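What follows is one structure encoded as structure tokens, with my remarks underneath.
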There are 2 protein chains.
Amino acid sequence: MNYRFSDTIDSFKSSAVREILKLTQGKSIISLAGGLPNEQYFPIDAVREAFLRVFEEGKQVLQYGLTEGFTPLRQSIAKHMERKHIHVGVDDMLITTGSQQAIDLLARIYIDPGDVILVERPTYLAAIQIFQSHKARLVSVDGDADGMNLTDLELKIKQYNPKMIYVVPTFSNPAGKSWNLERRQGALDICKRNDVLILEDDPYGELRFGGGEAVPSIFSLDKHPEGCGVVYTSTFSKIVAPALRTGWAIGDAEVIRQMARAKQAADLHSSTMDQQALHQLFEHFDIYSHIDLVRSEYEIRMRQMTDLLSKQNWPGMRWTEPKGGMFIWLELPEYIDTEQLLKLAVEEGVAFVPGIGFFADEPQRNAMRLNFTHTDNVQLVEGFARLDRAIQKVLQPV
Amino acid sequence: MNYRFSDTIDSFKSSAVREILKLTQGKSIISLAGGLPNEQYFPIDAVREAFLRVFEEGKQVLQYGLTEGFTPLRQSIAKHMERKHIHVGVDDMLITTGSQQAIDLLARIYIDPGDVILVERPTYLAAIQIFQSHKARLVSVDGDADGMNLTDLELKIKQYNPKMIYVVPTFSNPAGKSWNLERRQGALDICKRNDVLILEDDPYGELRFGGGEAVPSIFSLDKHPEGCGVVYTSTFSKIVAPALRTGWAIGDAEVIRQMARAKQAADLHSSTMDQQALHQLFEHFDIYSHIDLVRSEYEIRMRQMTDLLSKQNWPGMRWTEPKGGMFIWLELPEYIDTEQLLKLAVEEGVAFVPGIGFFADEPQRNAMRLNFTHTDNVQLVEGFARLDRAIQKVLQPV
């Protein structure tokens, strides 16, 4: 049998993160690589109660559901979004298998081969994979700690006529940064003027440190007198638990309707068990106190990592304290290739994600993504000792 | 905002079945349209117990899982497949969000725009949608009550050089028919000789009536001295419950690996709550006694429908008693267009699925799909009275 695969498979490279996760399975490696929430804060009793409540409703809870999603859950999420000054109805929303599927479905209905999508530099690794699988051409836009460079954005729009821009403006993966209000409003204005759809990916928005006010989402800034210019997606993976694989997309009702048609072909609908349980969780569990708990615990862990970073004697290192999320972006001297460094690090018993995978073009080779949510302080101290041993092997005398 | 959708959206027509389901929602319409299993036989207590057992394992059950699927569930399914004389390991298997996703993922990695896929006439409506969304060219192969016409299959392979053939050889949707052994073996031989991959979709195989021996699946006939020529997919939707949205694909390890990469981009993984619960169900519930129950109850319902069909005085009607599954294919005189008839039927308060949607080309307009699993006998009698009133309006004097 001679298999005749499609051209598409060339783009389905396995994610570096997941390859590393496989590499470290069963070994005593301290992993700062994954993007895993901390199991310790999974509200398992509440989730269990929520499932039990679903079963109390009777056998019909096990039947097929709507492609668009379990309607009471969409109503719960609409209420949840009100707290973020986002006002949407159930017809403006689609439930997805994680926010990852929202990205894929939007690409399916919006991107033809060769279409340009603008992305941040660096950007979310799996989004690059998805867009490449749809044969999009990805172009990076420059940015700094405050967000995308608006001049470069306008320039790239003129140069490439992109259909879409993909951004993670709040506590980004991998860079851990957050756009300020001016950049958000500016990008929105520029994109709407040029009919460039914004895909705002917001998995980490709730994980805000320091107790201050949230910067408004780009979606909430869009008063859409001429139609909604943003599709916003988020997920329960970071605020409840990943196993439930439930995310959502909101946007213009026509865009959502097309995404639902694509979803109907892709998998008919997502697990309704999980959707019904999440609705029960909204009804009977104080999800906001729970988010506060996760937030403060993650902030403690973030500070443990930045404390350790401050103590390292790695010449040329650069990093910024994140205002939320799960990651710190660490830059080392330019002559260090973190893909090479990873091999040494794994020998020492510690793992991270090399920065290279997070670039759609012109990759930066001297950076790495460090996760601070999944490792306790004892492991973290030991992990940094191991990382230091690996780095010392490649550091050149100053 | 001017939306610039992809070419793909033209192919995402909403399924006629689901549009009808929407039409009938909240109305007192007796629906013979859906492909719904009967809620009455959902093993809700066992499913509830299974979820409780999952929660007993601790917080890590709520963490991210493997794209390929929860390994113990894959082991359980491998054992389950042994009963069908299919011998596979966990690396030959991918867990999907229903078998629908298996079809989509295989199309993603195997089909380039313009590639030809051969299908049965009629065939599963949603498969047509999926393949069209990947811009495949669909060509129907003739068949009869015993399966695909092998002469026509060989002819179409020579004529169109298809990459793949999609078949539902066991208790098909919509035709309710089952291929005999000779056609299965013949199609396998012809396809392997010509490097045409067979996608064998088997959601209904367990729902066998009459207690006889099952005809072997095409997959089990493939002794693959030169590599596996079949990808087989099935689902828990019909033997446990649809809400868990869990299906699986088995095939050559390389094909499965490529499908897993596509799934990693599409949605990372399916709900691990559902997967873990299904594994517990295999461990602690007699799933085979349950299947026997469903089987015998559905056979009773099938006979109730065939009894009613026998009593109708619709000149020119044709139907065959199904040997399993959920559907009867009813043909009316050629001058009757069942899409037109549906409007009259809905006015009378009964729904079915017009046959036209199940054809990739040269549609038959005078057929309909009737579901017998979801309606009790009282409703069924009333439903047939209503259907009769609608049909009498369009019947011409013989």
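Output yes when any residue across region B:212-224 is at the interface with chain A (Cβ under 10 Å from one of its Cβ atoms), part of a loop (DSSP other than H, G, I, E, B) and buried (at least 18 other Cβ atoms within 10 Å of the Cβ), and no when none is. Steps first, answer last, please.
First, pick out the residues of region B:212-224 that are at the interface with chain A (Cβ under 10 Å from one of its Cβ atoms): B:222, B:224.
Within this subset, residues satisfying the condition of being part of a loop (DSSP other than H, G, I, E, B) are B:222, B:224.
Going one step further and asking which of them are buried (at least 18 other Cβ atoms within 10 Å of the Cβ), we end up with B:222.
There is at least one residue in region B:212-224 that is at the interface with chain A (Cβ under 10 Å from one of its Cβ atoms), part of a loop (DSSP other than H, G, I, E, B) and buried (at least 18 other Cβ atoms within 10 Å of the Cβ).
Which one of these is at pLDDT 95 or above and at the interface with another protein chain (Cβ under 10 Å from one of its Cβ atoms): B:Gln276, B:Gln264? So that I can check it myself, show each step before the final result.
Details: B:Gln264 fails: at pLDDT 95 or above.
The unique qualifying residue is B:Gln276.
In region A:347-398, which residue that is under 30 Å from B:Lys59 (Cβ atoms) and of a type in the set (Gly, Ala, Ser) is surrounded by the fewest Cβ atoms within 10 Å (Cβ to Cβ)?
To start, the set of residues in region A:347-398 that are under 30 Å from B:Lys59 (Cβ atoms) comprises A:348-354, A:357-358, A:368-387.
Adding the requirement that they be of a type in the set (Gly, Ala, Ser) leaves A:349, A:351, A:357, A:383, A:385.
Details: A:Gly349: 19, A:Ala351: 24, A:Gly357: 21, A:Gly383: 24, A:Ala385: 14.
That would be A:Ala385.
Just checking, does region B:300-321 include any residue being of a type in the set (Ser, Thr, Tyr) and modelled with pLDDT of 95 or more?
Residues of region B:300-321 that are of a type in the set (Ser, Thr, Tyr), as a first pass: B:306, B:310, B:320.
Narrowing further to those that are modelled with pLDDT of 95 or more: B:306, B:310.
Yes, the conditions are met somewhere in region B:300-321.
What's the number of the only condition in (1) exposed (fewer than 15 other Cβ atoms within 10 Å of the Cβ); (2) at pLDDT 95 or above that B:Val61 fails to meet?
Here B:Val61 clears every test but (1).
I need the full set of residues from region A:118-174 which are buried (at least 18 other Cβ atoms within 10 Å of the Cβ), of a type in the set (Phe, Trp, Tyr) and out of contact with any Lys or Arg (no Cβ under 7 Å at 6 or more places or on another chain), in order please.
A:Tyr124, A:Phe131, A:Tyr166
Which of the residues that make up region A:241-261 are hydrophobic (A, V, I, L, M, F, W, C) and either within 8 Å of chain B (Cβ to nearest Cβ) or in contact with a Lys or Arg (Cβ under 7 Å, 6 or more places away or on another chain) (or both)?
The answer is A:Ala241, A:Ala243, A:Leu244, A:Val255.
With the condition being touching a strand residue (DSSP E or B) at 6+ places or on another chain (Cβ under 6 Å), touching a residue at least 12 places away in the same chain (Cβ under 8 Å) and surrounded by 23 or more Cβ atoms within 10 Å (Cβ to Cβ), I'd like the helices (runs of 4 or more DSSP H) fully within region B:250-346 carrying at least 2 qualifying residues. I'd like the intermediate steps shown before the answer.
Details: elements: B:253-267, B:272-284, B:287-311.
In region B:250-346, the matching helices (runs of 4 or more DSSP H) lie at B:253-267.
Yes/no matrix, rows are residues, columns are (1) assigned by TED's automatic domain parsing to the domain that holds B:Ala127; (2) modelled with pLDDT of 95 or more; (3) not charged (D, E, K, R):
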site	(1), (2), (3)
B:Phe219	yes, yes, yes
B:Lys223	yes, no, no
B:Cys228	yes, no, yes
B:Val231	yes, yes, yes
B:Val240	yes, yes, yes
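Just a yes or no: is a residue in region B:191-208 in a helix (DSSP H, G or I) and surrounded by fewer than 24 Cβ atoms within 10 Å (Cβ to Cβ)? Reasoning before the result, please.
First, pick out the residues of region B:191-208 that are in a helix (DSSP H, G or I): B:191-193.
Next, only the ones that are surrounded by fewer than 24 Cβ atoms within 10 Å (Cβ to Cβ) stay: B:192-193.
Yes, some residue in region B:191-208 is in a helix (DSSP H, G or I) and surrounded by fewer than 24 Cβ atoms within 10 Å (Cβ to Cβ).
Out of (1) over 21 Å from the mean Cα position of the chain (by Cα); (2) modelled with pLDDT of 95 or more; (3) surrounded by 19 or more Cβ atoms within 10 Å (Cβ to Cβ), what's the single condition that is false for B:Met93?
(1)
Which condition number in (1) more than 9 Å from chain B (Cβ to nearest Cβ); (2) in contact with a Leu (Cβ under 7 Å, 6 or more places away or on another chain); (3) among the hydroxyl-bearing types (Ser, Thr, Tyr) is the one that A:Tyr204 fails?
Status for A:Tyr204: all satisfied but (2).
The values are calculated or read from the model by the stated rules, or taken from the named source; none is laboratory data. Worth saying up front: this structure is predicted, and the values here are computed from it rather than measured. Using ideal geometry, Cβ is built from the backbone for each residue, glycine included, and neighbour counts are taken over all protein chains shown.
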